[in-house]
Amino acid sequence: MSEAAAGRDLVALPRAAVLMLWTSAYLRGDLGPDDAARMSFGLGRSGPSGQGADLFDWMTSLKRLPLAQLRLVLPVPGRLAGLVGPPAAIPAALEAGQAIVVTAAGIADHTLIPQLTAVEVEDRQVNAVTWHRIAAPVGAQVPPAATSGSARQELLQALQRTAQGSVDLDLVPDEPVEPARIPATWISTALPRHVDPSAAHLLVLAARTLLLTRAEIDEGHGHTVHLAEALTRRGLLDELHDAARSALVETVERIVAEATG
């Protein structure tokens, strides 16, 4: 672990979010691109596949773009806002559940998407990560970054409504998420030293809520007997899931923007 990460608690985040955070640490001069690239693979059993974009080269190339910005997208079917194409990038981003859209002077330059391959190393299963760099269509524009600050309040309000409701969702975002509920597309990481405590707390809260609600949604309505209760439960889960996703995206983008602005 690098000096920049020493002493910081671990948080599980989408791999694209982790890459953005450590890239911002490099762009603000806190550590070199080699260390930032290494930290971007997190602290789990994963590493570069040797194919696709080299993160060292990718990070250093950002300094050659005019007014470069990094945008985090966490797409789900029917919710593709933020992706800029080309068409080949859409299914890849959906499969990964994440993407980084890089802009230059407000115009989309390319999209970066992780792909995982399970390999066996010394009798252990590990994930080899390939980052695919896909050029954006010429002149593609993206909407302004989510920096209104409302996502944090909306997440806290959604959590409060859930706690006061009659449906028991069994969500405890104050505690670490079980490893079995963390998908391979996410990775645990220490946070760079420029992430302030308030932002770090919100990242943890949003990430845990996103993981827990996703797991509950995937498990279906097995906790309920009556259809009405099942529908109410699903509505609360969807609301929490959307609020947590928005909060995570907004927080990561603000951290990166403040570090590189």
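The values are calculated or read from the model by the stated rules, or taken from the named source; none is laboratory data. Here the structure is a predicted model, which means the values were calculated and not measured. Here the Cβ positions follow ideal geometry from the backbone for every residue, glycine too, while neighbour counts run over all protein chains shown. What goes into the accessible areas is simple: the full protein's heavy atoms, side chains included, and nothing from ligands, DNA or RNA. Shrake-Rupley method; radii C 1.70, N 1.55, O 1.52, S 1.80 Å.
Tabulated data for the structure shown
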quantity	calculated
Test for T23: is it open to solvent by less than 20 Å² (accessible area, probe 1.4 Å) and among the β-branched types (V, I, T)	yes
Residue identified as open to solvent by 30 Å² or more (accessible area, probe 1.4 Å) and either at pLDDT below 80 or assigned by the TED database to the domain that holds T130 (or both) among S188, S198, S166	S166
Residue satisfying all of: in the range 26-44; hydrophobic (A, V, I, L, M, F, W, C) and within 16 Å of L116 (Cα to Cα); nearest to the chain's Cα centre (by Cα) among these	F41
Selected residue (only one of G52, G47, G32, G42 is surrounded by fewer than 17 Cβ atoms within 10 Å (Cβ to Cβ) and in contact with a strand residue (DSSP E or B) (Cβ under 9 Å, 6 or more places away or on another chain))	G47
Single residue of the range 132-155 satisfying the filter (modelled with pLDDT of 85 or more and within 14 Å of A247 (Cβ to Cβ)) that is surrounded by the fewest Cβ atoms within 10 Å (Cβ to Cβ)	Q153
Condition broken by A108, with the remaining ones in (1) within 16 Å of the chain's Cα centre (by Cα); (2) hydrophobic (A, V, I, L, M, F, W, C); (3) surrounded by 20 or more Cβ atoms within 10 Å (Cβ to Cβ) satisfied	(1)
Residue match in the range 86-94 (condition: within 18 Å of V256 (Cβ to Cβ), hydrophobic (A, V, I, L, M, F, W, C) and open to solvent by less than 40 Å² (accessible area, probe 1.4 Å))	no
